[in-house]
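First comes the structure, then the notes that go with it.
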Amino acid sequence: MPLNRRKFLKKSAATGAGVAVAGAAAAPAADAAEQQTPGKHVKRHSLTVMGTTDLHGHVFNWDYFKNAEYTDKAGNAQGLARISTLVNRIRAEKGHCNTLLLDAGDTIQGTPLTYYYAKVDPITAKGGPVHPMAQAMNAIGYDAAALGNHEFNYGIETLRKFEEQLDFPLLGANAVDAKTLRPAFPPYFVKTFHVPGARPVKVAVLGLTNPGIAIWDKAYVQGKLAFPGLEEQAAKWVPKLKALGADVVVVSAHSGSSGTSSYGDQLPYVENAAANVAKQVPGIDAILVGHAHVEIPELKVTNDRTGKTVVLSEPLAYAERLSVFDIELVFEKGRWTVESVSSKVLNSNSVADDPKITKLLADEHAKVVTYVNQVVGTATATLTTVEARYKDAPIIDLITRVQEDVVKAALAGTEYAALPVLAQASPFSRTSEIPAGDVTVRDLSSLYVYDNTLVAKLLTGAQVRAYLEYSAAYYVQTAADAAVDVEKLTNEGGRPDYNYDYVSGLSYDIDIAQPAGSRIKNLTFKGAALDDAQQFVFAVNNYRANGGGAFPHVASARELWSESTEIRTRIAEWVTAKGVLDPKDFASVDWKLTRNGTPVF
C-alpha cells in the first residue's frame, strides 16, 4: 500500500515525512500572562488538550440492543453528542484558540450504527453516505485521531473511505507499508498557537496504534501493512518532532498502560505499551491512552533517561468520559518550556446532548433503529446469558450450532468433509436476552456484539484438550468445601469473559478445585474417551483463529476455510431460515463445573 499523502500532509524538508499542519490559532493577549521580576520578563501561556478514545460508534446515549436510552448502575451516559457539549464548555472557558481535541482510536466499529454504514448501507458504495462518526467528529471539530485496531475490522477499503471523509488526519506512525516500511498514514500532526509578544507555540501530536492488528486482522493487513512496536517508533519520531521545533509533544496512543499483552509471545511487541513509551522515550509531555477501556484521570510516569514526569490519561470508552490535559508553558530566552502538565476526566453524564449533533444525525439514527427492530423469527422460549459464564447455556449453544452448520456446508465435498466439526463460542455479554416471541436483528446482535468472522482450523484431540485447559483457567480455584459466590468465581487473573470459550461437540467437566492446567476431566467424544490423535475441524472466530487471547495451537493450526461474512449475520440467516427458534434444535449440555468430581450446581 503506498504512503497515503492526503489533504493534511506537507513534505517536511527536515524529515521527508508527512506533517499535518493546522491553521494557526490567534490567542487573545489576555491568555498570555506576563510576570515581571527585576531585569527579567517571563511570559506564560496555557493550553488545553482534550481527548476521547474507544468511541466504538457511540454518537447518542442510546442502546440499540435494548431499543432504549442507555443506562447502567453507575449512572453513566454515552455518546459524542454529550462529548460535544463538554468540548464546547471547555472551549468557551479556555478560548477555542487555546485548545486541541484528539481521539485515541477505535471509532468505526462497535454498535449497529457503525455496522449499518459498513455493511448494510456501506460508505464504500458509489455515491454512498458519509459515515456518521465522520459527520459527528467533523462537526465537533476534532484536530486529529490515532488509528485503533478496530478501524481495520471492515477492511482497508472501508478505513480509507472513512479517512477520506474526515476533516482531520488519522495518525499511525507505526502503521507502515509492509514492503517499504514507510508510514502508510500520517505519523504526526502539528498545530501552531500564536501568542502575542512571543514566538508561537508548536504542539506536535504523534499517533501510535496497536501491534496486535497484525494478529487480529491478519486477513486484511497481511502482506500490506506492518505494525512495529510503539516504543521503537516513538523513539524514532519524537526526536524528529523536536527537531521540527515542537515545544509540546503529545502522544495519542491506542495502547493501554499496563505493559501487558493478550497475544502471548506471538509478537515481539507489547500490546499495552503507553507507560513504557513514557518511561523509555525522552521528550514527551503527555499521552492520551486508549484501547484498554479503563478510566485513568491522571497517571504520572517518570522518564528513565531524563527524570521528567510524563502525564497519562485515559477516558472511559464509548464517550462516557473526556480527558482534559492542562499544559502550562513559560517563555524564556527565546523558547517555550513546558512548566507543568496536569490531567483529569470529565463525566458525560454531567451534561445534556448537543442538539447540533442530535439534529445532524437524526436520520441515520432512525434508519438503524428501524433496521435492528426487524423481526426475523419467533422464539419458543426465553434465552439469556445471565448464567452463561458458569453454566452451559442454550443461548451460547445457538452460536456454536450455527458455526458448525456453516463450516460443515463449506467443507462439503472436500477432503475434510468426513471429519467431525467442533465449535467455540464465548459468553460475550452478561445481559443478552432473546425473549420468547418475536426475534429481531437487535436481539441476535446483542448476543454476538463483535464483528467477528468464521474460520475452520484443523486440530488434534490433544490440541483440543490443551485448548480447553487454557480456557478453564478463567475460573478462580475454589476448594470443594468453600462457599460458591458466582460473582467471584470467574475472571481469574483479570481474564475477560470474551477469553473464556465453550467448545461444542464434546463432553467434559471443569474441576475448579484443581489448579489451572489440571481441570479438564471426563473429556469424551461420542461417549468414548477423547483420542489425542484424532483430527477435528474447529469452527472458530477470526479473533481467536489469529491468536487473540493467546489460546494454544489454534493460531498455528492449518486453516481449512474462512469467510468475510460476520458470525452475527450467519446467526440471523440461520434463525430466518428456521423461522422458529426452538432450543431443542441446538441446545445441549456439553460441560459442567465440578469440585473433586461433584457438580457445583
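The values are calculated or read from the model by the stated rules, or taken from the named source; none is laboratory data. Note that the coordinates shown come from a computational prediction; the quantities given were computed from them, not determined experimentally. Ideal geometry is used to build each Cβ from the backbone, glycine not excepted, and the neighbour counts take in all protein chains shown. These area figures cover heavy atoms from the full protein model, side chains too; ligands, DNA and RNA do not enter into them. Shrake-Rupley method; radii C 1.70, N 1.55, O 1.52, S 1.80 Å.
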Matching residues in the stretch 558-569 (in contact with a strand residue (DSSP E or B) (Cβ under 8 Å, 6 or more places away or on another chain) and crowded, with 21+ Cβ neighbours inside 10 Å) number 2
Note on the stretch 570-601: residues without any contact (Cβ under 8 Å) to a residue 60 or more places away in the chain and buried (at least 18 other Cβ atoms within 10 Å of the Cβ) are none
Exercise for review: Please indicate, with yes or no, whether at least one residue in the stretch 79-92 is under 23 Å from Arg430 (Cβ atoms) and at pLDDT 95 or above.
Suggested key: yes
Within the stretch 557-601, the count of residues that are more than 14 Å from Val402 (Cα to Cα), within 32 Å of the chain's Cα centre (by Cα) and not in a strand (DSSP E or B) comes to 2
The one condition Ala292 fails out of (1) open to solvent by less than 20 Å² (accessible area, probe 1.4 Å); (2) of a type in the set (A, V, I, L, M, F, W, C); (3) assigned to a loop (DSSP other than H, G, I, E, B) is (1)
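Which residues, counting only those in the stretch 72-99, are over 30 Å from His194 (Cβ atoms) and hydrophobic (A, V, I, L, M, F, W, C)?
Step one: of the stretch 72-99, the residues over 30 Å from His194 (Cβ atoms) are 72-79, 81-82.
Ala74, Ala77, Ala81, listed by residue number.
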Okay, helices (runs of 4 or more DSSP H) sitting entirely in the stretch 151-249 with 1 or more residues that are out of contact with any Gly (no Cβ under 9 Å at 6 or more places or on another chain) and either open to solvent by 20 Å² or more (accessible area, probe 1.4 Å) or within 26 Å of Lys333 (Cα to Cα) (or both), I get 156-165, 213-216, 230-243
Sole miss for Ala219 among (1) within 19 Å of Met50 (Cβ to Cβ); (2) at pLDDT below 95 is condition (1)
State yes or no: is Leu80 open to solvent by less than 10 Å² (accessible area, probe 1.4 Å), under 22 Å from the mean Cα position of the chain (by Cα), under 27 Å from Ala292 (Cβ atoms) and not polar (S, T, N, Q)?
yes
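Within the stretch 524-557, how many residues turn out to be among the small types (Gly, Ala, Ser) and open to solvent by less than 10 Å² (accessible area, probe 1.4 Å)?
Taking the stretch 524-557 and keeping what is among the small types (Gly, Ala, Ser), we get 527-529, 533, 539, 545, 547-550, 555-557.
Narrowing further to those that are open to solvent by less than 10 Å² (accessible area, probe 1.4 Å): 539, 545, 547-549.
Count: 5.
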Of the listed residues (Ser446, Ser429, Ser471), the one being at pLDDT 95 or above, polar (S, T, N, Q) and under 17 Å from Ile396 (Cα atoms) is Ser471
Here the residues within the stretch 109-150 that are touching a Ser or Thr at 6+ places or on another chain (Cβ under 6 Å) and part of a loop (DSSP other than H, G, I, E, B) are Thr124, Leu147
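So is Ser313 hydroxyl-bearing (Ser, Thr, Tyr), touching a Gly at 6+ places or on another chain (Cβ under 6 Å) and open to solvent by less than 10 Å² (accessible area, probe 1.4 Å) or not?
On the way: hydroxyl-bearing (Ser, Thr, Tyr): yes; touching a Gly at 6+ places or on another chain (Cβ under 6 Å): no; open to solvent by less than 10 Å² (accessible area, probe 1.4 Å): yes.
It is false that Ser313 is hydroxyl-bearing (Ser, Thr, Tyr), touching a Gly at 6+ places or on another chain (Cβ under 6 Å) and open to solvent by less than 10 Å² (accessible area, probe 1.4 Å).
Name the residues in the stretch 250-274 that are open to solvent by less than 10 Å² (accessible area, probe 1.4 Å) and closer than 30 Å to Leu329 by Cβ, would you?
Taking the stretch 250-274 first, the residues open to solvent by less than 10 Å² (accessible area, probe 1.4 Å) are 250-256, 263, 273-274.
Val250, Val251, Ser252, Ala253, His254, Ser255, Gly256, Ala273, Ala274, listed by residue number.
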Checked Tyr115, Tyr142 against criteria (open to solvent by 10 Å² or more (accessible area, probe 1.4 Å), of a type in the set (Phe, Trp, Tyr) and under 24 Å from Ala184 (Cα atoms)); the one match is Tyr142
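A quick yes/no check of all residues on (1) surrounded by 15 or more Cβ atoms within 10 Å (Cβ to Cβ); (2) within 24 Å of the chain's Cα centre (by Cα); (3) not in a helix (DSSP H, G or I):
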{"position": "Pro282", "(1), (2), (3)": "yes, no, yes"}
{"position": "Ile287", "(1), (2), (3)": "yes, yes, yes"}
{"position": "Leu299", "(1), (2), (3)": "yes, yes, yes"}
{"position": "Ala319", "(1), (2), (3)": "yes, yes, yes"}
{"position": "Asp363", "(1), (2), (3)": "no, no, no"}
{"position": "Gly377", "(1), (2), (3)": "yes, no, yes"}
Quick one: is Ala529 closer than 19 Å to Leu422 by Cα and free of Cβ contacts under 8 Å to residues at least 40 places away in the same chain? yes
**OP:** Would you mind stating whether Ala410 is aliphatic (A, V, I, L, M), surrounded by fewer than 17 Cβ atoms within 10 Å (Cβ to Cβ) and more than 22 Å from Tyr474 (Cβ to Cβ)?
**Re:** no
Among Val484, Val503, Val476, the single one that is of a type in the set (Val, Ile, Thr) and touching a strand residue (DSSP E or B) at 6+ places or on another chain (Cβ under 7 Å) is Val503
Expected output for the stretch 124-149 (first residue in contact (Cβ under 8 Å) with a residue 40 or more places away in the chain, partner polar (S, T, N, Q) and not in a loop (DSSP other than H, G, I, E, B), Cβ below 6 Å, 6+ apart or cross-chain) is Ile140/Ser84; Ala146/Ser252
